[in-house]
Every structure is written in C-alpha cells, then in structure tokens.
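To start, the structure itself, in structure tokens.
The values are calculated or read from the model by the stated rules, or taken from the named source; none is laboratory data. For clarity, every value in this text was computed on a predicted model and none was experimentally measured. Note that we place each Cβ from the backbone using ideal geometry, even for glycine, and neighbour counts take in every protein chain shown.
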Amino acid sequence: MQNKLSTLNRRDFLATTAKTCFGVTLGGSLAQLFNTPAFADTSDPALASKAAKAKHVIYLYMSGGMTHLDTFDPKPQAAANIHGDKKAIKTNADGIQLSEYLPNLARHADKLSIIRSMSTTQGAHGPGRYFMRTGYTPRSSITHPTAGGWVNKLAKPLNDTIPGFVTVNCGSGHPGAGFFEPNYQPLPIGNALSGLQNSSVPKHLSDEDFEKQLTIRQDLDHDFDEKFAPAQKDVRAYNEMYAAAVKLMRSKDLEAFDLSKESTTTHKLYGASNFSKGCLLARRLVERGVRFVEVELGGFDWHDDVFGNAADKLPMLDQGFSALLEDLKVKGLLDSTLVVLATEFGRSPKLTANAGRNHFPKAFSCIMAGGGVKGGYVHGETDATGTSVVKDKVTATDFNATIGHALGIEYDKTLYSASKRPFKMQARDGKPILDLFV
C-alpha cells in the first residue's frame, strides 16, 4: 500500500505530521517543493565582480511606497504645495540634505549612497513590491526569486548550520526564492523579539526519544526514498529540509535569534520598535554568516496627512537604520555588509487636498551603504519638484544587478525554471550602478 502513495500525497502527509512528530517548524516554502530549476551550464568566473567587497546583505524594505520628497530627496526651494512647511537639514556629507525627519541619518550621510533616480512602471502595491524585489512582473504561472533568493542560490554558504536567507516582519506574501529548491527559501521570522519559534525539542521529549522518532520516520520512508529519491529532486529536497532543521536545532548559532543576549545599551541604541529590533537581529545574523537578511517596515501608504504620518513613522526608520550603520561600523562589519533600503515607488510631489501624496512610480529614492559602495554620494537626479528623473535613471533590474555586483556573484548567469524558461538576477539585462563603488 505504501508504494501506491503518490509523491504529492506522501508530501502532504509528511507536511501535516512534521510538527506533531518532531516539535519543529521547517523554514522555507513547501509550496515550491515541486517547482525546482534545471541549471544552465554557462558559468563564467570572469563575469563576477573582481572588486566585490560585500559578503552579506541587509535589505531594509519600506512597504507602501515611501515618499522621496519627505525623506532622501527633499525640495526645499519648491512651492508650498509640494514641499509643505517642512525643512531640509544639512548632513555630515558636503552638499547633501535630508528631510528634517531624519536627523540621525543626517549624521551618517557620509556612509550613504543615495540613489535619487529610481523609476518603475509599477504603480500598484502588490506588483510594485514584487517587481522591486525580483525584477520581474508577476505571473500566475511562476514565482520569481527575489534578490535574496538569487544571493542564497549563487553565493557559497558561509555557515552550513544556519539558513543563508532570513526574512523579518515580511509576511506570508513574500516571493522568497521563487522557483528555486526548498532549501534556498528564506527562513521567516514574524517578530524579531520572539526569535525563532518551535526550534527546540519539546521539554517533555528526551533526546533519546527524539532520536527514536527520527529513526521511525526514516524507517517509514525507507522504501519510498529508495524508489523515488534517486530520480526526483523534490523527494531529496524534502529530506534535506528535515536534516537542515535538525542541524539548526542542535547548532550553537541558534542563539543568534535570541535578542536577550544583547546589552541594555545596544537595545537602547536601536530603540523599541519592531523594525529596530529586526535591524538588531539582522546584525546578529550576519555575524553568524547569514548571507541575506530582509527586514520590512510597513505603513508608508500615505494618501492623507503625509506630515503627520511622517512624524509618526520616520523616527522608527531613522533610529533603526542609523543604529544599524553605527553598530556595523563599530563591529568592523560595515565594509563586508551591503545595507540596502528600498521601496516599491515614491509618492506624488503635489500634495492632495487632504495633505497626502498618491502613488508615484515615475521617480523615487533608494539607498545603499557599506559593502564597498561610496559614502556621502548622490547618484542621479530628479527635477526641481521631484517629478521626473533628469539624470541617470535606475530601474529595479539595475538595482538588483548592483546587489549582485557588490557580492561578486554571477548576476547575469542564466538558470532555468521547471518549465525550462530562462531567468537571471539581472532581469531584462539590468546593469549594475558602477559609479556607486569605490
């Protein structure tokens, strides 16, 4: 009877019983289990960046469409119906001004490469987030890998006991590693303060009993694995996921997810918001060799009362981002860690009747810092009202190619989905922004 079970039914049965039997929750997306890629034999080491300094990426995503005029591209000389009554402030980098809502980041502008010429074709939140993270427009037939998925796939692991890709506060709709195998999917953390849940053996279960249950599972699967594992990647990948989960449970690096290990001084530096704690967790994870950590801060869809919303939300960004830069610098990690701040689009320059700003894909700003990029540098330019890019337009595909370039991975390498369709990290021939690098 066991041999008559279909692979799908077998998979569903194991997925349902995994937590009950072993007391663990596996990271990654089981929904991608049967959508695995075939590889193109087009590897060329010469394509990788020889000047790459970054080993890790901390990707801070501002969900909702962050306003560029009230953050990193203020227009103090514009009319009141564009700039409002808010000021632009000087920074510690000559000639660079930021919004008055970002006083802490103003003291770290010498570490920032500000890209003021981002532009996209996606003006709705879902497609915009997907496009920014993947470089591809959404398709019902496939899920494309995000930049984190590509990095996890193309870069060699730095620590084989801890996942190479972790998301924090990103929710369930994140594309993750798309059509890549389950072992490249991100480990999702819903709340940084809660850490990694269901990651230890239940208290009522002794180590001996736990080992017995693992052995029982292996015995039950023996005939099935012998028949299907040699020829089917999905079966092998499922077993690898169990092995990886158990390895992580037993690893000393599991403590990286425990923020209580940090001092009161460090917690005060980062602040109390979930976003700030996510930034702190990201620093702890890159210390342990995690390649890519994405931390999301939501709530930037300000159609009304943009200045009231900015006063409430931007201090969280300002403190968390600034603390991360300072902490990485002190610990000697900033040069090897590319810190990225991104969003799906900007907000309309002209204020609405309700003092809000609407979706505006035509122009917006993103940031890169550390990891070999210049500090105190502005790339690109918008016009006097922040309405149009007038110099050095940058697309989402260029942005992702730049992340790949910073890490020295083959961002233009072609990999194939299960349907044999070719894809690259630098979708649509995106080009890295070489002027950002030292």
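Quick check, is G95 small (G, A, S) and closer than 20 Å to T343 by Cα? No.
Within the range 165-197, restricting attention to residues that are of a type in the set (S, T, Y) and crowded, with 19+ Cβ neighbours inside 10 Å, which residue is farthest from the chain's Cα centre (by Cα)? Write out each step before concluding.
If we filter the range 165-197 for residues that are of a type in the set (S, T, Y), which is where we start, we get 167, 172, 184, 194.
Okay, now just the ones that are also crowded, with 19+ Cβ neighbours inside 10 Å, so 167, 184.
Details: T167: 6, Y184: 13 Å.
Checked the range 165-197; the qualifying residue farthest from the chain's Cα centre (by Cα) is Y184.
Only residues that are of a type in the set (V, I, T) and either within 27 Å of T385 (Cα to Cα) or part of a loop (DSSP other than H, G, I, E, B) (or both): list them for the range 119-160, please.
Here is the first cut: in the range 119-160, the ones of a type in the set (V, I, T) are 120-121, 134, 137, 142-143, 146, 151.
Scanning the range 119-160 gives T120, T121, T137, T143, T146.
Just one residue in the set P145, P175, P76, P127 is without any contact (Cβ under 8 Å) to a residue 60 or more places away in the chain and in contact with a Phe, Trp or Tyr (Cβ under 7 Å, 6 or more places away or on another chain); that residue is P175.
Can H405 be described as farther than 23 Å from G298 by Cα, touching a Pro at 6+ places or on another chain (Cβ under 7 Å) and touching a residue at least 40 places away in the same chain (Cβ under 8 Å)? Judged against the criteria, H405 is a match.
In the condition set (1) over 27 Å from V151 (Cα atoms); (2) crowded, with 17+ Cβ neighbours inside 10 Å; (3) not hydrophobic (A, V, I, L, M, F, W, C), R288 is compliant with all but (1).
Among the residues of the range 397-424, write down those that are polar (S, T, N, Q) and under 24 Å from S141 (Cβ atoms). Before the answer, list the steps.
Within the range 397-424, the first condition is being polar (S, T, N, Q), and the residues that meet it are 397, 400, 402, 414, 417, 419.
Across the range 397-424, the qualifying residues are T397, N400, T414, S417, S419.
Look at R129 and say whether it is more than 25 Å from Y377 (Cβ to Cβ) and crowded, with 24+ Cβ neighbours inside 10 Å. Yes: the conditions hold for R129.
Residues in the range 313-326 that are closer than 11 Å to S273 by Cβ and among the acidic types (D, E): D318 alone.
Just wondering, is there one or more residues in the range 215-222 that are more than 30 Å from G64 (Cα to Cα), charged (D, E, K, R) and either assigned to a loop (DSSP other than H, G, I, E, B) or at pLDDT 70 or above (or both)? For the range 215-222, residues more than 30 Å from G64 (Cα to Cα), charged (D, E, K, R) and either assigned to a loop (DSSP other than H, G, I, E, B) or at pLDDT 70 or above (or both): present. Just one residue in the set A401, A418, A384 is in the same structural domain as G64 (by TED's automatic domain parsing) and outside any loop (DSSP other than H, G, I, E, B); that residue is A401.
One residue alone among A384, A396 is buried (at least 21 other Cβ atoms within 10 Å of the Cβ), at pLDDT 95 or above and not basic (K, R), and that residue is A396.
Report whether or not G176 is in the same structural domain as R428 (by TED's automatic domain parsing), at pLDDT 95 or above, among the small types (G, A, S) and not in a loop (DSSP other than H, G, I, E, B). Before you say what the answer is, go through the steps one by one.
Values: in the same structural domain as R428 (by TED's automatic domain parsing): yes; at pLDDT 95 or above: yes; among the small types (G, A, S): yes; not in a loop (DSSP other than H, G, I, E, B): no.
When the stated conditions are applied, G176 does not pass them.
Could you please let me know if F364 is out of contact with any helix residue (DSSP H, G or I) (no Cβ under 6 Å at 6 or more places or on another chain), buried (at least 24 other Cβ atoms within 10 Å of the Cβ) and aromatic (F, W, Y)? Step through it out loud before you land on a result.
On the way: out of contact with any helix residue (DSSP H, G or I) (no Cβ under 6 Å at 6 or more places or on another chain): yes; buried (at least 24 other Cβ atoms within 10 Å of the Cβ): yes; aromatic (F, W, Y): yes.
Yes; evaluated as a whole, the condition is true for this residue.
Give me a count of the residues in the range 282-312 that are charged (D, E, K, R) and within 19 Å of H108 (Cβ to Cβ).
Narrowing the range 282-312 to residues charged (D, E, K, R): 283-284, 287-288, 291, 294, 296, 301, 304-305, 312.
Pick out the ones that are also within 19 Å of H108 (Cβ to Cβ) and you get 283.
Going through the range 282-312 one residue at a time, the tally reaches 1.
Determine whether R116 is part of a strand (DSSP E or B) and surrounded by 21 or more Cβ atoms within 10 Å (Cβ to Cβ). Yes; evaluated as a whole, the condition is true for this residue.
Output the residue which, of all residues in the range 254-275 that are within 11 Å of N191 (Cα to Cα) and buried (at least 22 other Cβ atoms within 10 Å of the Cβ), is modelled with the lowest pLDDT. Applying the filter and picking the extreme gives F257. A355 falls short on exactly one of the conditions (1) buried (at least 21 other Cβ atoms within 10 Å of the Cβ); (2) assigned to a loop (DSSP other than H, G, I, E, B), and that condition is (1). Within the range 188-204, the set of residues being touching a Phe, Trp or Tyr at 6+ places or on another chain (Cβ under 9 Å) and at pLDDT below 70 comprises S199, V201, P202.
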